[in-house]
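Worksheet: the structure to be examined is printed underneath.
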Amino acid sequence: MSTTTTRGVAQPAPAKASAARPRRGLRGNPTVNFWLFTGPFLVGLAIFVIVPIGWSVWLSFFDARYTVTPSHFIGFDNYRQILTNSGFPDSLLTFTVFAAFIVPTTWAMSLGLALLVNRLRFMRAFFRSVFFLPTAVSYVAAALIWKMSIFSGVRFGLANTVIGWFGADTIAWMSNPTPPWYWLVIVTLRLWIQSGFYMILFLAALQNIPAELYEAAAIDGAKPGWQTFRHITLPQLRATSTAVILLLLIAAYQAFDEFFNIVGQKATWAQTPLMVLYKTALGTSQDYGAGSAGAVVLSLLICLVTLVQGKFMGFGRGEESK
């Protein structure tokens with residue numbers, strides 16, 4: 001071992017720092033690691049999402065009755081059929097009515113629940129869990145409960161029992177379109193299932209609002225309550241509100257289970273776009289071409305509405321550009 005001399009005293013020479021050995025094998029190759037982590041997800045995405053979408057677009061230009069491998073090209077005839085000779089346009093009107101009910105009511109109820117839970121000083125986790133639990137219930141199970149127990153058309157249904165206490169007559173909630181009581185059944189079902197999920201989104205956004213804003217508002221003389229909510233809380237929830245409304249609109253376009261299980265296929269006065277496509281592609285006609293054309297039209301419509309609303313509400317813009 002080499003030594004050095006300092007003031008006549010022999011000192012050991014400092015050891016040389018050993019050079020770091022490069023990693024070998026898979027751990028040292030970031031490209032391989034990337035594909036190992038993302039490869040399975042990309043394969044699943046391609047098989048279960050990209051390929052079916054491309055196949056559906058391809059089928060929409062062929063006469064695909066009772067087959068998914070057609071050979072007779074018909075161009076845009078399927079699109080012409082689905083937009084003129086089917087109940088698809090009427091189902092879009094049904095969706096418009098449904099969205100007009102469910103989107104604002106779910107937004108208001110979710111925000112109200114979030115505000116109430118956020119103000120709690122005890123048992124906050126309990127109430128947050130209670131309101132969120134309905135999201136775990138399937139639409140089919142909830143629809144059957146609503147149809148057979150709560151809004152049953154017979155006199156011993158829960159809703160008819162309650163209104164019977166006040167001397168009102170029994171109401172056939174789902175069998176008669178005039179008056180359209182079925183909207184009350186469907187909207188309350190959606191409210192019960194959806195509100196808890198969107199409450200969690202609003203609750204997370206509320207907890208991210210800096211407390212200094214409320215302190216500064218109090219110093220400036222702002223009154224707690226509506227004035228603070230209007231000028232501080234609501235503007236801070238702009239991005240979350242936009243995302244919630246977009247998700248609610250997309251979910252309304254995809255409404256199927258509750259309509260199918262509550263009003264059924266024969267109720268032509270309450271058909272959603274997906275119900276029409278279901279009967280077209282999977283019903284007795286087995287017209288996969290027309291069903292695929294309707295799916296393409298519905299997808300483009302969802303994209304268009306999402307882009308327009310995102311542009312209108314400023315979704316994705318920075319704070320300085322608002």
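Where residues in segment 197-220 are open to solvent by 50 Å² or more (accessible area, probe 1.4 Å) and not in a helix (DSSP H, G or I), which of them is farthest from residue 125 (Cα to Cα)?
Here the answer is 220.
Go through segment 239-287 and count every residue that is touching a residue at least 24 places away in the same chain (Cβ under 8 Å) and either open to solvent by less than 40 Å² (accessible area, probe 1.4 Å) or not hydrophobic (A, V, I, L, M, F, W, C) (or both).
Total satisfying the criteria: 32.
Got a number for residues in segment 62-101 being open to solvent by less than 50 Å² (accessible area, probe 1.4 Å) and in contact (Cβ under 8 Å) with a residue 40 or more places away in the chain?
Total satisfying the criteria: 17.
Restricting segment 116-131 to residues that are among the hydrophobic types (A, V, I, L, M, F, W, C) and surrounded by fewer than 17 Cβ atoms within 10 Å (Cβ to Cβ), which is nearest to residue 255 (Cα to Cα)?
130
Can you spot a residue in segment 207-216 that is closer than 25 Å to residue 106 by Cα and not β-branched (Val, Ile, Thr)?
yes
For the structure I just gave you, tell me whether residue 281 is among the small types (Gly, Ala, Ser), within 30 Å of residue 94 (Cβ to Cβ), part of a helix (DSSP H, G or I) and within 17 Å of the chain's Cα centre (by Cα).
No; evaluated as a whole, the condition is false for this residue.
Out of 156, 101, 197, 95, which single residue is under 24 Å from the mean Cα position of the chain (by Cα), farther than 21 Å from residue 260 by Cα and hydrophobic (A, V, I, L, M, F, W, C)?
197
What residue, among those in segment 140-158 that are open to solvent by less than 70 Å² (accessible area, probe 1.4 Å) and touching a Ser or Thr at 6+ places or on another chain (Cβ under 8 Å), is modelled with the highest pLDDT?
Result: 146.
Report, by residue number, each residue of segment 260-275 that is at pLDDT 85 or above and either under 20 Å from the mean Cα position of the chain (by Cα) or closer than 17 Å to residue 99 by Cα (or both).
Hits for segment 260-275 are 260, 273, 274, 275.
Go through segment 159-186 and report how many residues are at pLDDT 85 or above and more than 20 Å from residue 264 (Cα to Cα).
Number of matching residues: 8.
Can you find a residue that is open to solvent by 70 Å² or more (accessible area, probe 1.4 Å), of a type in the set (A, V, I, L, M), closer than 16 Å to residue 188 by Cβ and in a helix (DSSP H, G or I) anywhere in segment 103-115?
The answer is yes, given that some residue of segment 103-115 is open to solvent by 70 Å² or more (accessible area, probe 1.4 Å), of a type in the set (A, V, I, L, M), closer than 16 Å to residue 188 by Cβ and in a helix (DSSP H, G or I).
The values are calculated or read from the model by the stated rules, or taken from the named source; none is laboratory data. Only a predicted model underlies this, so the values are computations on that prediction, with no experimental measurement involved. Neighbour counts run over all protein chains shown; Cβ positions are idealised from the backbone, glycine included. Heads up: the accessible areas ignore ligands, DNA and RNA and are worked out on the full protein's heavy atoms, side chains in. Shrake-Rupley method; radii C 1.70, N 1.55, O 1.52, S 1.80 Å.
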